[in-house]
Amino acid sequence: MGDGFLLPDRPVDSLDAWLALGGGDGIRAAQRLGPEGTVDELRASGLRGRGGGGFPTGAKWAGVAAGRGTHRYVVANAAEGEAGTFKDRRLLRDNPYQLIEGLAIAAFAIGARDAFIGLKASFAVEIERLTKALADMTDAGLAGDVSIQLVPGPEEYLLGEEKALLEVIEGKDPLPRLLPPYLHGLFSTAPQMGWISAPHEPGHRGPHESNPTLVNNAETLSNVPWILARGPQWFRTLGTPSSPGTIVATVVGDVAHPVVTEVEMGTHLSALLRGPAGGPLPGRAWKAVFSGVANPVVDPSRFDLPMTYEAFTAHGTGLGAARFIVYDDTACMVEVARVFSQFLAVESCGQCPPCKLGSGEITERLERIERGTGADDDITRIGSWLGQVTDGARCYLATEEREVVSSILRCYPEEFAEHLETGRCPRPREIVLPKIVELEDGRVIYDESQARKRPDWTYAPA
Ligand SMILES: Cc1cc2nc3c(=O)[nH]c(=O)nc-3n(C[C@H](O)[C@H](O)[C@H](O)COP(=O)(O)O)c2cc1C
Ligand code: SF4
């Protein structure tokens, strides 16, 4: 537990420190293998995307490499806007060099001419470390033949949604496009069902181009130099056949020691919660774990699940990006549902009316129930919106609302009944949306301004 290769014992803060760990071996191996050989190595490794979906990385690279267009692009997604996660920022702080090398290898493998790293403008420490690492790697000739640019973006949760991230890289707001990046990539000149296309770039040949673009999470790309340097078989000695490697997990909430740690995939959730996260607070018992606000709740009967994509899916939930938000028996699950739903309702961009309207109304009705002024009709209306909230959705945010709220209703019906019957909350306690701004040495700081954020993305005065 806690031992792996992505999170070093002490921060890798110079090129020499990275070279001492084998830095440069990955890109040299890729250059020896050639683009197709590099994609084959990724496929053989079984690496799956660490951004939440677990999509096979080699297959994604092969798809983009085979796509048509004058240019291809690669994007590292370091936006990390989901609640309960700090792992990408930990990786960027502790070893930005591995991400730069992974990005350069990805660009080489798919034939990209430009690469971008998308992250929040508020990630000041990470931007500083990445900027230094990029300069060091470029000077040493280890950043490949690709231009790599940092793109500081806005605070919105949707920044990390891949179709919205491309918009931001093009200088627009984080509103998800219709088509996925491998079909409609950066600076595409093809109109997208009414979407305004970009002007033709130099070298453009045909009337329209889709510029297939590869988007990978920062942790996914950080694995790449190690896989190329040490080989896919080495990578497969870690984890399980369907979920090889390690995963960098975050644990916050009602635990003794909030933590970011690297664990071998297949490690049992309970071992993570009781080991590095220090177990429950004294005298308390856990009752719920959420993998971010994107997946159905994990109740105590499933705390012993192995952390693999296949095990979490088989138990009706998702591993996501291994960000675990833990609640104990003092927490009100109606309030948890309200806080999560409010986050999603506020962050929804409103391009798909059922998502914005549905999540907004679900939040209002949850608030009424939590205050003790709810009625059976509120449950009925919440149920009916949960059936429609994803209608016509351009992105997965609406599905997150459906999955997380309906799972809480399903798993804790007695808590909703208690509120409706007694007209009060039996477990009054503040629940804060765990959007992390700092996590160090067991101390976590959440973004207090999130509670003041309004559905039009402005903020109420403090
Ligand atoms: C609302 C929303 C927010 C997301 N935020 C992030 C994020 O901050 N970082 C990230 O890597 N992926 C995020 N994703 C997933 C990305 O869209 C995309 O699937 C991922 O970057 C792909 O990388 P991977 O294949 O390496 O996992 C988000 C998805 C949604 C729907
Ligand atoms: S599903 Fe929701 S968040 Fe996603 S594009 Fe539509 S309105 Fe925006």
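Counting residues that are of a type in the set (D, E, K, R), more than 16 Å from ligand 2 (Cβ to nearest atom) and out of contact with any Gly (no Cβ under 7 Å at 6 or more places or on another chain), which helices (runs of 4 or more DSSP H) fully inside region 1-90 reach at least 3?
Details: elements: 15-20, 25-45, 57-66.
Of the helices (runs of 4 or more DSSP H) lying wholly inside region 1-90, those with at least 3 residues that are of a type in the set (D, E, K, R), more than 16 Å from ligand 2 (Cβ to nearest atom) and out of contact with any Gly (no Cβ under 7 Å at 6 or more places or on another chain) span 25-45.
Of these, Arg284, Arg274, which one is open to solvent by 10 Å² or more (accessible area, probe 1.4 Å), free of Cβ contacts under 8 Å to residues at least 12 places away in the same chain and basic (Lys, Arg)?
Values: Arg284 fails: free of Cβ contacts under 8 Å to residues at least 12 places away in the same chain.
Only one candidate passes the filter, namely Arg274.
Here is a yes/no grid of residues against (1) under 14 Å from Asn217 (Cα atoms); (2) over 21 Å from the mean Cα position of the chain (by Cα); (3) open to solvent by less than 10 Å² (accessible area, probe 1.4 Å):
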position	(1), (2), (3)
Arg43	no, yes, no
Arg48	yes, no, no
Gly52	yes, no, no
Pro56	yes, no, no
Trp61	yes, no, yes
Arg68	no, yes, no
His71	no, yes, no
Val75	yes, no, yes
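Which condition does Val404 not pass, out of (1) assigned to a loop (DSSP other than H, G, I, E, B); (2) aliphatic (A, V, I, L, M); (3) touching a Gly at 6+ places or on another chain (Cβ under 9 Å), if it passes all the others?
Status for Val404: all satisfied but (1).
Considering only region 160-199, state which residues are crowded, with 16+ Cβ neighbours inside 10 Å, over 30 Å from Gly23 (Cα atoms), among the aliphatic types (A, V, I, L, M) and within 16 Å of ligand 2 (Cβ to nearest atom).
Within region 160-199, Ala164, Val168, Leu175, Leu179 meet the criteria.
Give me the residue from region 370-400 that is assigned to a loop (DSSP other than H, G, I, E, B) and of a type in the set (A, V, I, L, M) and, out of that set, farthest from ligand 1 (Cβ to nearest atom). Walk me through it before giving the result.
Residues of region 370-400 assigned to a loop (DSSP other than H, G, I, E, B): 372-375, 389-396.
Of the ones still in play, those that are also of a type in the set (A, V, I, L, M) are 375, 389, 393.
On the way: Ala375: 32, Val389: 14, Ala393: 10 Å.
The residue in question is Ala375.
Inside region 221-242, can you point out the residues that are more than 15 Å from Phe86 (Cβ to Cβ), polar (S, T, N, Q) and crowded, with 24+ Cβ neighbours inside 10 Å? Write out each step before concluding.
Kept after step one, since they are more than 15 Å from Phe86 (Cβ to Cβ), are these residues of region 221-242: 221, 223-242.
Next, only the ones that are polar (S, T, N, Q) stay: 223, 233, 237, 240, 242.
The one that is more than 15 Å from Phe86 (Cβ to Cβ), polar (S, T, N, Q) and crowded, with 24+ Cβ neighbours inside 10 Å: Asn223.
Which of the residues belonging to region 313-359 are part of a helix (DSSP H, G or I), farther than 25 Å from Ala277 by Cβ and hydroxyl-bearing (Ser, Thr, Tyr)?
Across region 313-359, the qualifying residues are Ser341, Ser359.
The values are calculated or read from the model by the stated rules, or taken from the named source; none is laboratory data. Computed from a prediction, not measured in an experiment: that's the story for all the values here. Ideal geometry is used to build each Cβ from the backbone, glycine not excepted, and the neighbour counts take in all protein chains shown. For the accessible areas, the whole protein counts, side chains as well, though only heavy atoms, and no ligand, DNA or RNA atoms are used. Shrake-Rupley method; radii C 1.70, N 1.55, O 1.52, S 1.80 Å.
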